[in-house]
Amino acid sequence: MTMLLTMKDIYKSFGPVRVLEDVRFDLRPSEVHILAGENGAGKSTLMKILGGVYPDYSGTIELGQKPVRFKSVQDSAGGGISIIYQELSLVGSLSVYENIFLGRERHRFSWIERTGMKNEARRLLAELGLCMDVETAVEDLPIGQQQMVEIAKALSYQAHVIVMDEPTSALTEPEVKKLFEIIARLKQKGCGIVYISHKMEEIYQIADRITVLRDGRYIGTETAENLPADKLIHWMVGRQLNQQFPRHQSRLGDVRLDVSNLTVAGEAGNPIPLVDGVSLHVRAGEIVGLAGLQGSGNSQLLHGLFGTFGKRVSGSLKIDGRPVPITHPAGSIQRGLALLTNDRKSTGLVLGRDIVENASLACLPKFSPAGWLRPKAEKRAVSQTLQQLRLKAESLSQPVESLSGGNQQKVVLAKWIQTDPRVLLLDEPTRGVDVGAKQEIYELMNQWTQAGIAIILITSEMPELLAMSDRILVMHRGHITAEFESGQATQETILSAALGETTKGMRNTWRTN
Amino acid sequence: MADKLTQKNRMPEWITSPTSRALAALIVVFVLGLLFHAEGAFYKWGTHRDMLRAVSVYGILACGMTLVIITAGIDLSVGSVLALTAVLFALTTIHWQWPFWLAILFCLAVGGVCGGFSGYLIGRFRIQPFIATLAMMVFARGVAKWVSGGQKISTAVQQPDGTYQYVSVPDIFTLINAKIFGGNLTVVTVILLACILISWILLTRLRQGRYMLAIGGNEQAAVLSGVPVNPIKILAYGMAGLFSAVAGICQASQELQGDPEAGVAYELSAIAMVVIGGTSLQGGRGSLWLTLIGILTIGYLEKILSINAVGEDKRLMLTGVIIIAAVLLQKNK
Ligand SMILES: Nc1ncnc2c1ncn2[C@@H]1O[C@H](COP(=O)(O)OP(=O)(O)OP(=O)(O)O)[C@@H](O)[C@H]1O
Ligand SMILES: [Mg+2]
């Protein structure tokens, strides 16, 4: 069978750092080919070479039988390749349809054909099962919807090679389902799909073949049937990993975080509140999972608690039994709250600054008594924390934008651990993190809870939510619609509660025990 | 073949670092000076000393501008604040005969408040820096004209009967205008160096400087990390105002008068110095060393053109070309 795409002997370096060495990859028509590997293995780099982002590589790329060399993104798109990059590449201030047609606006006599483009954008989004206003600015959409716009954009190119670099890391279950339906349809049409993901159950749901990279080297390619999960993990990390979710429940202490009647008002002019009178509590050493679909208000709840919304929030908050006001993030950090946001690029990191500066940003006063920085103490503390997280980086003074996605996530985690929080609000802490590092983050969550930290966890990965939470609250349209003790919940019950079916008698049961 | 390619990419880091790129522009200008030395004028230390003196006032403004640009802002008001403080300095020392230290403190306070207020507007009310400082630029110019009555404040003091009488130049003017180290350096140059040092300490040694870089790099992430964004913005613009006052005092001393029309378009020179050094207007990166290199590049360029008696028309055209060339040099690839 002729290959759609063959990449051979690919080498790539950034300055003195070699990130790909003798890598090969091929793609057949009508297949989903998974590209797997740890954070920093070089998956995104390989795909960026294919996308014409990095023209200075060595090696050969063949499309069909024809050797090609992409010098620009346009070249690659012209060759029928369409890529959804890991880090969203939309223009925030432009509308949905303008983003979809960016760079190839339809026009007649150089007048832009807005209506045509809008209709086409609506059709594409409808195909993805989305109905959204194509004229909203992308930056006003939640990150999951932005991701869907990105997918719609990639599909609009009518390419036969489609690369998806961790497309689901910002999506919730129903959206993922839709995406998989689309992938199935693309397969039927004969397209080849390269799919990068760190989510095991996803990989086995759609994989035809799997290729593994480790430290920039090619490890092997196998069909999904012949590469069971344990072997795949072994290929990726080079060692055996056992148990996937190692939650050891710690002894619960007193109520650490007590929220009552928290309301986050909607944006100016919107009467519907984002979070509507939510009450919850978390004990010292407890992990409370907060489930909910896009728009359920779970992320907004965390932001509201943390003070991001300032005066738009009402309700009362107690930490360790003492009432504290909700003011602004700086105050919250001082009171022992830490919020890891779900979008590291726009709200988590200062991409142009180096690793140390990012990791110490939230607790800089600690490293600068009387205002003077203590770079040595700072670097020592940061490198210790990052070692625990097994960060893979050339040096601590490289800008975080040159790190792989998963390693960037570790830097954000490090930033919040450095603040010695009492309550950790984690919004997708394992987004884009590889299996090995996920294990480490779970272990760290265990350690933190053992040390008495209270954790609220939002994650779109159901198995992670089920396994790591001691208690699960489900939100729908700003309300808590269900509560489950650890072990009681299943994927189905959570999903139905997230879709708005209040489970009677379950709500607020904790108030009585 | 693979290795050849990767070899080619192995450019030593010091060649591609921003500092060496900025230095390259300076060296090119310097070599031009060595070639067009105007009958050996360029080989004399006096030429370099005068260059430093001429560039000092702009350089002092560029220090504050660097801080502001690093927070992803801009300050258009520095030239007007310079004029206002120059007028106030001349007025308080010459006419009102305040002790020099009081006059200096007063001018610094006025400059700091002007800048800090712009910073407050920008932080608290989210007015765009361009607009807030544009308003301050117009306002401060107005105040300068109002307090001076539209006149240059010089040692010719108008008497009640309408006649002018010359008073002696206050010592502080002579002091700031003096040459030291056997006539090899001017005091204004020393003041410039002090301003660079202070800004450098602020930016690299103090927490506040780190916060400026973080705000410029990603303001939202900075807010969520507990960075006190508004106070830091007030500080950055306040420092720019403070340095404008320093420059105003120097300018008044050099001209022996306070001119309400002084400093027009100086903000543009200051911005040019910062960007020639390679600090990006996007914010989040930059350093005082780069600005120092930018200051010297522009200073030498102007000096070389003037010792070769190139007319102002061509001088301006060439400066424009050099700015673009230097910034292109900063670009990756
Ligand atoms: N622009 C760059 N400059 C320098 N180094 C880079 C740059 N981009 C990537 N790297 C390095 O190349 C290596 C591979 O990165 P890449 O993004 O391809 O990893 P990845 O396999 O996609 O990881 P992840 O699963 O975390 O996304 C990393 O070690 C990263 O630090
Ligand atoms: Mg990647």
Does A:Ser383 satisfy the condition of being within 16 Å of ligand 2 (Cβ to nearest atom) and either closer than 12 Å to A:Asp354 by Cβ or free of Cβ contacts under 8 Å to residues at least 60 places away in the same chain (or both)? no
Scan the range A:444-463 for residues that are assigned to a helix (DSSP H, G or I) and either under 18 Å from A:Leu389 (Cα atoms) or aliphatic (A, V, I, L, M) (or both) and report the count. 8
Select from the range A:275-330 the residues that are open to solvent by 50 Å² or more (accessible area, probe 1.4 Å) and under 17 Å from A:Val474 (Cα atoms) and list them in ascending order. A:Asp276, A:Gln294, A:Gly295, A:Gln300
Collect the residues in the range A:429-460 that are within 16 Å of ligand 2 (Cβ to nearest atom) and of a type in the set (Asp, Glu), keeping them in residue-number order. A:Asp434
When the range B:95-142 is checked residue by residue, the ones that are over 20 Å from B:Met239 (Cβ atoms) and touching a helix residue (DSSP H, G or I) at 6+ places or on another chain (Cβ under 8 Å) are B:Trp98, B:Phe100, B:Leu102, B:Ala103, B:Val138, B:Arg141
Run down A:Ile143, A:Ile162, A:Ile183, A:Ile151 and say which single residue is under 26 Å from A:Val435 (Cβ atoms), within 14 Å of chain B (Cβ to nearest Cβ) and more than 16 Å from ligand 1 (Cβ to nearest atom). A:Ile143
If A:Thr263 satisfies all but one of (1) more than 27 Å from A:Pro421 (Cβ to Cβ); (2) surrounded by fewer than 19 Cβ atoms within 10 Å (Cβ to Cβ), what's the number of the condition it fails? (1)
Sort out which residues of the range A:271-320 are closer than 17 Å to A:Thr172 by Cβ and hydroxyl-bearing (Ser, Thr, Tyr), and write them in order of number. A:Ser296, A:Ser299
Subset of the range A:369-399 [within 13 Å of ligand 1 (Cβ to nearest atom) and either open to solvent by 60 Å² or more (accessible area, probe 1.4 Å) or modelled with pLDDT of 95 or more (or both)]: A:Arg390, A:Lys392, A:Glu394, A:Ser397
B:Trp200 being under 16 Å from the mean Cα position of the chain (by Cα) and within 14 Å of chain A (Cβ to nearest Cβ): yes
Across (1) under 27 Å from the mean Cα position of the chain (by Cα); (2) within 14 Å of chain B (Cβ to nearest Cβ), A:Asn99 clears everything bar (2)
Residue within the range A:200-219 that is within 16 Å of A:Leu27 (Cα to Cα), open to solvent by 10 Å² or more (accessible area, probe 1.4 Å) and either within 16 Å of ligand 1 (Cβ to nearest atom) or in contact with a Pro (Cβ under 7 Å, 6 or more places away or on another chain) (or both) present: yes
Close pairs (6 angstrom Cβ cut-off, 6 or more residues apart or separate chains): of a type in the set (Gly, Ala, Ser) in the range A:25-44, near ligand 2 (Cβ under 10 Å from one of its atoms) anywhere: A:Gly37/A:Lys43; A:Gly40/A:Ser404; A:Gly40/A:Asn407; A:Ser44/A:Gln86; A:Ser44/A:Asp165
Among the listed residues B:Leu213, B:Leu202, B:Leu268, B:Leu235, which satisfies the condition of being open to solvent by 40 Å² or more (accessible area, probe 1.4 Å), modelled with pLDDT of 95 or more, assigned to a helix (DSSP H, G or I) and not charged (D, E, K, R)? B:Leu235
Is at least one residue of the range B:193-216 over 20 Å from B:Thr66 (Cβ atoms) and of a type in the set (Gly, Ala, Ser)? no
Only strands (runs of 3 or more DSSP E) wholly contained in the range A:154-229 count here; list those with 2 or more residues that are within 16 Å of ligand 2 (Cβ to nearest atom). A:161-165, A:192-196, A:209-214
Single residue of B:Asn184, B:Asn177 found to be within 24 Å of the chain's Cα centre (by Cα) and open to solvent by 60 Å² or more (accessible area, probe 1.4 Å): B:Asn184
Please go through the range A:441-466 and give me each residue that is surrounded by fewer than 19 Cβ atoms within 10 Å (Cβ to Cβ) and not hydrophobic (A, V, I, L, M, F, W, C), ordered by number. A:Glu443, A:Asn446, A:Gln447, A:Gln450, A:Gly452, A:Pro463
So B:Gly59, is it at pLDDT 90 or above and under 21 Å from B:Val187 (Cα atoms): yes
Considering only residues that are of a type outside the set (D, E, K, R) and within 12 Å of another protein chain (Cβ to nearest Cβ), look in the range A:415-434 and name the one that is nearest to ligand 1 (Cβ to nearest atom). A:Trp416
Test B:Gly278 against the criterion of being more than 28 Å from B:Val110 (Cβ to Cβ), at pLDDT below 90 and surrounded by 24 or more Cβ atoms within 10 Å (Cβ to Cβ), and give yes or no. yes
The listed residue being within 16 Å of ligand 1 (Cβ to nearest atom), more than 14 Å from every other protein chain (Cβ to nearest Cβ) and out of contact with any strand residue (DSSP E or B) (no Cβ under 8 Å at 6 or more places or on another chain), out of A:Val73, A:Val53: A:Val73
Per the list (1) surrounded by fewer than 17 Cβ atoms within 10 Å (Cβ to Cβ); (2) touching a residue at least 24 places away in the same chain (Cβ under 8 Å); (3) not polar (S, T, N, Q), residue check on A:Glu492 breaks on (2)
What are the residue pairs meeting all of these: first residue in the range A:61-82, first residue of a type in the set (Phe, Trp, Tyr), second residue in a loop (DSSP other than H, G, I, E, B) and surrounded by 12 or more Cβ atoms within 10 Å (Cβ to Cβ), Cβ atoms under 8 Å, and 6 or more apart or on different chains? A:Phe70/A:Gly51; A:Phe70/A:Gly52; A:Phe70/A:Pro55; A:Phe70/A:Gly79
Which one of these does A:Lys415 not meet: (1) more than 16 Å from ligand 2 (Cβ to nearest atom); (2) outside any helix (DSSP H, G or I); (3) of a type in the set (Lys, Arg)? (2)
Considering the range A:1-24 alone, what residues qualify as being more than 16 Å from ligand 2 (Cβ to nearest atom), assigned to a strand (DSSP E or B) and touching a residue at least 60 places away in the same chain (Cβ under 8 Å)? A:Leu5, A:Arg18, A:Glu21, A:Asp22, A:Arg24
If a residue counts only when it is farther than 24 Å from A:Gln146 by Cα and within 12 Å of another protein chain (Cβ to nearest Cβ), which strands (runs of 3 or more DSSP E) contained entirely in the range A:303-381 have at least 2 such residues? A:337-340
For the range A:14-35, enumerate the residues that are near ligand 1 (Cβ under 9 Å from one of its atoms) and open to solvent by less than 10 Å² (accessible area, probe 1.4 Å). A:Leu20, A:Leu35
Can you name the condition, by its number, that A:Gly277 falls short on among (1) more than 17 Å from A:Ile480 (Cα to Cα); (2) more than 27 Å from the chain's Cα centre (by Cα); (3) not polar (S, T, N, Q)? (1)
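The values are calculated or read from the model by the stated rules, or taken from the named source; none is laboratory data. In this text the structure is predicted, and so the values were computed from the model without any measurement. Ideal geometry is used to build each Cβ from the backbone, glycine not excepted, and the neighbour counts take in all protein chains shown. All accessible areas refer to the heavy atoms of the entire protein, side chains included, with ligands and DNA or RNA removed. Shrake-Rupley method; radii C 1.70, N 1.55, O 1.52, S 1.80 Å.
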